[in-house]
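Data block below; observations after.
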Amino acid sequence: MQIRENPYLQYFLGLHEYSDTPPFDGSMLVHFRKRISFDLVSAVNEPVVQADMESAAPETAVPEERASEADDDDSDPPEPPSSGNQGQLIVDASCAPADIRYPTDLDLLNDVRDHSERLIDALYQQVAGCLEKKPRTYRETARRDYLRIVKRRKKSRKLIRKGLRQQLNYVRRNLGHIDRLIEAGATLAALNPREYKTLLVIHDVFRQQQHMYDHKQRRIDDRIVSISQPHVRPIVRGKAGTPVEFGAKFAISCVAGYVFLDHLSWDNFNESKDLIAQIERFRTRTGHYPVSVHAD
């Protein structure tokens with residue numbers, strides 16, 4: 001949309017004349033973004049920042065702290081005169097929230113059931129002449145059972161567990177229909193890549209939800225919280241209001257105003273394990289250790 005409206009962006013892209021038609025489909029941005037890996041970001045960021053830091057004027061010496069009139073336990077200790085350390089290192093970790101709906105087990109199973117019904121429709125088209133009738137999925141009944149629970153203002157634990165059992169039974173029946181359609185001659189090769197990926201995700205979600213239901217648990221390793229983005233993981237942050245965030249967790253370090261991405265992962269990790277490596281990278285970039293390291 002911005003390229004269509006702005007001539008200077010079109011000139012920057014190399015177009016010879018103004019055009020009101022999109023130069024490419026918006027999905028191409030996602031295609032190229034997937035090619036930008038963590039290593040590529042570091043390979044571009046490091047030399048650019050290093051060149052700018054070398055061209056900048058050397059940092060001036062930090063003035064000595066004035067003697068405080070009263071003792072203050074929060075004041076920084078004075079720098080040893082012969083340490084040779086310079087600058088400060090600021091490190092922190094955060095989460096980049098993914099654009100997904102807040103997941104609940106009941107909503108997730110309803111999405112799984114809906115996607116499985118679409119896969120049954122796609123596979124049945126391949127063997128429609130070999131089967132007498134289409135497998136029954138009870139999609140209308142399943143939808144009513146789901147809405148009967150989610151529309152309630154207050155949901156007891158017993159009611160939610162009943163809804164989970166119902167949706168698990170519907171999904172189990174649909175997966176059985178998919179297996180029988182494949183035995184009847186339907187081929188998974190006829191599905192497009194998105195549909196095939198969705199089928200694999202559906203099996204994993206059903207396995208995880210069935211395990212948590214049977215063992216009365218609320219967590220499982222590598223838990224899937226989104227059908228379209230199965231790589232997204234819940235990141236426990238412990239903040240007030242948002243104790244759990246969903247997205248990629250990253251650890252960054254700030255050196256002389258420049259921010260470096262040190263660790264990026266879709267799985268939760270303990271950022272304290274990166275502290276020593278971040279201090280060593282500071283020495284590699286600047287040639288000396290920092291005077292102080294600031295972290296929470």
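Here, each number is a calculation from the coordinates, and none is a lab measurement. Since this is a predicted model, take the numbers as computed values, not measurements. Quick reminder, even Gly has a Cβ in these numbers, built from the backbone with ideal geometry, and neighbours come from all protein chains shown.
Quick notes
- Listed by chain and number, the lysines whose C-alpha is less than 16 Å from the C-alpha of K249, apart from same-chain residues fewer than 8 away, are K239, K273.
- Debye-sum result for segment 140-296 in log10 I(q)/I(0), which assumes one identical scatterer on each alpha carbon, at q = 0.11, 0.15 Å⁻¹: -0.69, -0.98
- Amide hydrogen neighbours beyond the local backbone of F246, cut-off 5 Å, H modeled: A98, I235
- With θ taken as phi - 60° and the Karplus curve 6.51 cos²θ - 1.76 cosθ + 1.60 applied, the whole-hertz 3J(HN,Hα) list for segment 6-19 is 10, x, 5, 5, 5, 5, 5, 7, x, 6, 7, 8, 6, 9 Hz, x standing for glycine and proline.
- Proximal lysines to K155, defined as alpha-carbon separation beneath 22 angstrom and excluding residues fewer than eight positions away on the same chain: K216
- Karplus (6.51, -1.76, 1.60) ³J(HN,Hα), θ = phi - 60°, over segment 156-162, in Hz, Gly and Pro reported as x: 6, 5, 5, 5, 5, 5, 5
- Kirkwood radius for segment 105-215, taken over all pairs of different Cα atoms as the inverse mean of 1/r, rounds to 14.7 Å.
- Max mean-square fluctuation residue, GNM over the chain, Cα-Cα springs under 10 Å, options V201, V232, V30: V30
- Ratio of Rg to Rh over segment 155-238 (Cα coordinates, Kirkwood Rh, two decimals): 1.03
- Around the amide H of I90, modelled in the peptide plane, lie the amide H atoms of C254, H294, all under 5 Å away and 5 or more residues distant in sequence or on another chain.
- Across the chain, the longest piece that holds none of the chymotrypsin sites (Phe, Trp or Tyr not before Pro) lying in DSSP loops with up to 11 other C-beta atoms within 10 Å covers 25-296.
- The fewest-to-most ranking of M212, M1, M28 by surrounding Cβ atoms within 10 Å reads M1, M28, M212.
- The amide H of Y289, built 1.01 Å from its N in the peptide plane, has Q86 as neighbours under 5 Å, considering only residues 5 or more places off or on other chains.
- DSSP loop GluC sites (Glu not before Pro) with at most 16 other Cβ within 10 Å: longest gap in the chain: 133-296
- With N counted as the residues of the chain, its alpha-carbon radius of gyration over 2.2 N^0.38 Å works out to 1.45.
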